[in-house]
Structure formats: structure tokens, C-alpha cells
Amino acid sequence: MKDKIETFMEEVRARNTHEPEFLQAVQEVAETVIPFIASQEIYDGKNILLRMVEPERAITFRVPWVDGRGEIQVNRGYRIQMNSAIGPYKGGLRFHPTVNMSILKFLAFEQVFKNSLTTLPMGGGKGGSDFDPKGKSDNEIMRFCHSFMSELYRHIGPNTDVPAGDIGVGSREIGYLFGMYRKVKNEFTGVLTGKGLSWGGSLIRPEATGYGTVYFAQSMLATKKETVKGKTVAISGSGNVAQYAAEKVIQLGGKVVTLSDSSGYIYDQDGIDQEKLKYVMHLKNVVRGRIREYEKKYPSAKFYEGQTPWEAPCDIALPCATQNELNDEDAKVLIKNGCICVSEGANMPSTPEAIAEFHKAKILFAPGKASNAGGVATSGLEMTQNSLRFNWTRDEVDQKLQQIMSNIHKSCLEYGTEDNGYVDYVKGANIAGFVKVADAMLAQGVV
């Protein structure tokens, strides 16, 4: 079986040289899915996974815009339309200097499995630009977004491809993007999710990824007759996902002790309560400041410059920042300090070596494609509401989100439970996500 996996990876590497993030994501899936394919006559010999790793469409385009000094700037725009076997492409737009083809292909590939796990009719895609919103004025961001959408609109639509937000793309950017789409298409449709409540958005959508990550951790803990209540929780990041993961942990009676950004992390032994979290939300969302400011506001906390929060003792770790932020050494420290549960809020935040350490220690570990699927699940609910021209209440959306996360957990148990009772959630998520897409691809023929 190792030879079969390596032969597959050699072919993928030959086609995707210099794309390490994408190859890492494919390797992680191949190691669990290829043995499953070999055991299932319906899938074996059909090259389904090889077809799934090749995007149906990869679009790049120029994005010229005028900055505040009147100078013309040029960025690169992308949209990766990975797989539409079970529904229109669905996945976020990321605006960050690190954006490139490798990162977006990895995200789009993960999105295919994540969207499949939700059971909603959504294919997988991802896009964005190497544009950096940090330090830009609202007018500069508006001009960039309008230029970006003046090209992207040709490739998206409510029944074709429905982008959403991601790193660097929040409600402000979604608003500017939607405004240009509406103008050039002369139609008001649910072509983007993450919209404002007054123009087609859904309640709970900003909170959904963070909430869902905690709901999934809650389901895992329940298999050990544990709960979030009374647990110490370390969270990385301080953006949207981290903020709402922290909020849900606080609501469930846990104690959040860390938050971070690219400059370092803060450790608050007393716990980040709702009042302190409100300050963080204002700091990051309104003032757009750095997490180090927290120490000035709350002197009992300590800021650790240039470090990640995984050295802080905790029962639960929620990596909510970015890919490959948690390595094998971090994993060893977490395990040594008594961590019993890791639920990924970001996309692929744990390195393969870190995941191997978690599995070796037999702690609860949830991959992002399962545990952070709450965001895209609620995007799917927003699409439904847009189609119906109808809005559900906050409680209704939250209940649907909890049910979806519970169903994803059940699917992981179905495919990931081993003979000794240990649940390999990576294996479970990969196989459960694969089966639905594979069945659709087989039914539709070679297209």
C-alpha cells in the first residue's frame, strides 16, 4: 500500500512542483483514502482521487488599482474552482501577501472535503489575491475590491461559484465586492456569502467557524464523558475565528488563557472573560491594533513576543490562526502539559509531524476540514435563505449549525473508529468527505 501511495504522490508532485502546501494537503488525504479506495471495488481503478486533485479550473488575473497617493498598483487575483460534482463551487477569498497558487489549491482541495462533510450541496473552491489590506484606507480597499470583482464576476454566480470571506476579507470587503458585482451584472443574487444582515446576510455567519470548532470539540469530549466546562483553553489567533471560539468557550464555562497574532501571544492566567474579549474585538476589528496592547490594558497578563501559545498549560488547544502554525515540538509540549483535545479552527494549522504526535499520544484531535466546517456550513444556510428570500432567527441558525457539526462528528466516528476503539478523526473526515464526492463523480461519468 505504501508503494501505491508513493506512486500516486510521485505523479501529483510531477504536476505540481514548487507547491508545498498543496502537496502536504494531498499527502494527508492520500494516506487514508487510497487504502480505503483499494478496499472498495466500486472506487478501485477509477482514478477518482487523481481527478479530485486536479482543479476543474484555475483562473489568474491582473488587478490594477489606484492607491491614496494616486499611484497605480498591480496585484494578482486568483480563483481555483476545484470540484463541482455535488454543487456550485463554494469557498472563501483570501487577501494576504502570502497568497499564491499552492496555498489556494491546498485550501480549495480541503474545501471539497469540508463542504462534502456538511452534507449541503456545495462543491469546493478558493480564491484571493496577494493584496494586503493592512495599513490601507477604506477608499484604497474599496478601489481594490471593485477592480478585483470587475474581473472575477465573469467566473462566478449563484449556481456556478459562490465565494465568501477568509483571511483579510471581512464584511467590509464583502460589501465592496458585492457592490461591484451588483453593478456590472445588474442583478441582486446570493453570489457572495458573509453579507451584511440588511442585504442578504445570515445571523451567526460571523460566529460560525469559531462556534463550530468548539461544538466539534464538545462532541469529541463527550465520547470521553468530558465537557468544555472547567477546562483551560489555549487559542491561537485573534481574528474572527479565534474571537468567536473564545466567546463560545466562555459561554460553555471554559477558561480561555491565550490569544495571539503574528507579533506574539498574550497569556492571561486569570482568564479572558467576556469583558476582556469585548476589548479584544474592539482592538482587532475597529482599531486594528496588535494583541500586545492587551497587556497594557490588563497588566496582570503577559505578552510573549515572537512566540506561539502552545507552551501555555491547557486542557484544550484551538489553533485558529493559519496553516502550519503548530509543529511537532509544540505538540510534544501540549501533550506534556496535559492537553487532552485539539480542535483545529484554521485550515491545516498542524504540521504532519504534529498530527503524528497527537495520534501517538491518543489524544482527541480534529482536523480543520471537520472541525472548522461550521463557517462554510452557515454560508450554505445563507445561500438557502437567499434562494428562499427568507431569514431564519439567530437561534434557528445556531441550532442548524450545532446539528451539522454533530452530524460531521458522527460521520468521522463511522469511518474513523479503529478496532481498539481509538477514533482517528483525520481518517474519518477524509473518507467521509471522499465518499459523497466520489459517488457523485462516478454517477456523472468522466467529465
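The values are calculated or read from the model by the stated rules, or taken from the named source; none is laboratory data. Nothing here was measured: the structure is a model prediction, and the numbers come from that model. In this analysis, Cβ positions are derived from the backbone assuming ideal geometry, glycine residues included, and neighbour counts consider all displayed protein chains.
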Within segment 285-295, how many residues are touching a Lys or Arg at 6+ places or on another chain (Cβ under 9 Å) and in a helix (DSSP H, G or I)? 2
From Pro64, Pro163, grab the single residue that is within 23 Å of Met383 (Cα to Cα) and outside any helix (DSSP H, G or I). Pro163
What is the residue count in segment 171-193 for residues that are in a helix (DSSP H, G or I) and in contact (Cβ under 8 Å) with a residue 60 or more places away in the chain? 2
Condition test on Tyr304, is it closer than 17 Å to Gln243 by Cα and of a type in the set (Phe, Trp, Tyr)? no
Among (1) exposed (fewer than 13 other Cβ atoms within 10 Å of the Cβ); (2) at pLDDT below 95 - the single one Asn285 does not satisfy: (1)
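Which one of these is among the charged types (D, E, K, R), over 19 Å from Gly165 (Cα atoms) and free of Cβ contacts under 8 Å to residues at least 60 places away in the same chain: Glu28, Glu41? Full working, then the answer.
Working: Glu28 fails: free of Cβ contacts under 8 Å to residues at least 60 places away in the same chain.
Exactly one of Glu28, Glu41 is among the charged types (D, E, K, R), over 19 Å from Gly165 (Cα atoms) and free of Cβ contacts under 8 Å to residues at least 60 places away in the same chain, namely Glu41.
Only one residue in Thr17, Thr32 is among the hydroxyl-bearing types (Ser, Thr, Tyr), within 22 Å of the chain's Cα centre (by Cα) and farther than 24 Å from Gly194 by Cβ. Which one? Give the steps one after another, and end with the answer.
On the way: Thr17 fails: within 22 Å of the chain's Cα centre (by Cα).
Within the list Thr17, Thr32, the selection yields Thr32.
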In segment 1-39, how many residues are surrounded by 13 or more Cβ atoms within 10 Å (Cβ to Cβ) and outside any helix (DSSP H, G or I)? 2
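Does Gly230 qualify as being small (Gly, Ala, Ser), touching a strand residue (DSSP E or B) at 6+ places or on another chain (Cβ under 9 Å), on the phi > 0 side of the Ramachandran plot and assigned by TED's automatic domain parsing to the domain that holds Asn285? Before you say what the answer is, go through the steps one by one.
Numbers: small (Gly, Ala, Ser): yes; touching a strand residue (DSSP E or B) at 6+ places or on another chain (Cβ under 9 Å): yes; on the phi > 0 side of the Ramachandran plot: yes; assigned by TED's automatic domain parsing to the domain that holds Asn285: yes.
Judged against the criteria, Gly230 is a match.
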Give the number of residues within segment 53-76 that are under 27 Å from the mean Cα position of the chain (by Cα) and either within 14 Å of Met9 (Cβ to Cβ) or charged (D, E, K, R) (or both). 6
If a residue has to be of a type outside the set (Phe, Trp, Tyr), under 20 Å from Ile272 (Cβ atoms) and surrounded by fewer than 19 Cβ atoms within 10 Å (Cβ to Cβ) to count, how many in segment 300-350 make the cut? 8
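For Ser198, state whether it is small (Gly, Ala, Ser), more than 18 Å from the chain's Cα centre (by Cα), in the same structural domain as Ala331 (by TED's automatic domain parsing) and part of a helix (DSSP H, G or I).
Values: small (Gly, Ala, Ser): yes; more than 18 Å from the chain's Cα centre (by Cα): yes; in the same structural domain as Ala331 (by TED's automatic domain parsing): no; part of a helix (DSSP H, G or I): yes.
It is false that Ser198 is small (Gly, Ala, Ser), more than 18 Å from the chain's Cα centre (by Cα), in the same structural domain as Ala331 (by TED's automatic domain parsing) and part of a helix (DSSP H, G or I).
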Only listed residue being over 24 Å from Ala370 (Cα atoms), assigned to a loop (DSSP other than H, G, I, E, B) and in contact (Cβ under 8 Å) with a residue 24 or more places away in the chain, chosen from Pro97, Pro121: Pro97
Whichever residue in segment 392-406 is buried (at least 16 other Cβ atoms within 10 Å of the Cβ) and touching a residue at least 40 places away in the same chain (Cβ under 8 Å) and, among such residues, is farthest from Thr223 (Cα to Cα): Trp392
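For segment 312-330, what are the residues that are in a strand (DSSP E or B) and out of contact with any Asp or Glu (no Cβ under 7 Å at 6 or more places or on another chain)? Before you say what the answer is, go through the steps one by one.
Here is the first cut: in segment 312-330, the ones in a strand (DSSP E or B) are 316-319, 326.
Within segment 312-330, Ile316, Ala317, Leu318, Leu326 qualify.
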Give the residue, chosen from Val191, Val112, that is crowded, with 24+ Cβ neighbours inside 10 Å and closer than 15 Å to Leu381 by Cα. Val191
Tell me, please, whether a residue that is part of a strand (DSSP E or B), touching a Cys at 6+ places or on another chain (Cβ under 8 Å) and either within 20 Å of Ser371 (Cα to Cα) or not assigned by TED's automatic domain parsing to the domain that holds Pro133 (or both) can be found in segment 296-303. no
Subset of segment 203-228 (residues that are assigned to a loop (DSSP other than H, G, I, E, B) and over 24 Å from Asn391 (Cα atoms)): Thr223, Lys224, Lys225, Glu226, Thr227, Val228
Given segment 331-424, what helices (runs of 4 or more DSSP H) lie entirely inside it while holding 1 or more residues that are within 22 Å of the chain's Cα centre (by Cα) and acidic (Asp, Glu)? 352-361, 374-388, 394-416
Of (1) under 30 Å from Asn47 (Cα atoms); (2) assigned by TED's automatic domain parsing to the domain that holds Ala242; (3) in a helix (DSSP H, G or I), Phe434 fails just (2)
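Can you pull out every residue in segment 229-273 that is assigned to a strand (DSSP E or B), among the small types (Gly, Ala, Ser) and either under 18 Å from Ser350 (Cβ atoms) or under 20 Å from the mean Cα position of the chain (by Cα) (or both)? Break it down into steps so the answer makes sense when it comes.
So the first thing to find is which residues in segment 229-273 are assigned to a strand (DSSP E or B), and the list is 232-236, 255-261, 264-267.
Subsequent filtering for residues that are among the small types (Gly, Ala, Ser) retains 234, 236, 260, 264.
Those that are assigned to a strand (DSSP E or B), among the small types (Gly, Ala, Ser) and either under 18 Å from Ser350 (Cβ atoms) or under 20 Å from the mean Cα position of the chain (by Cα) (or both): Ala234, Ser236, Ser260.
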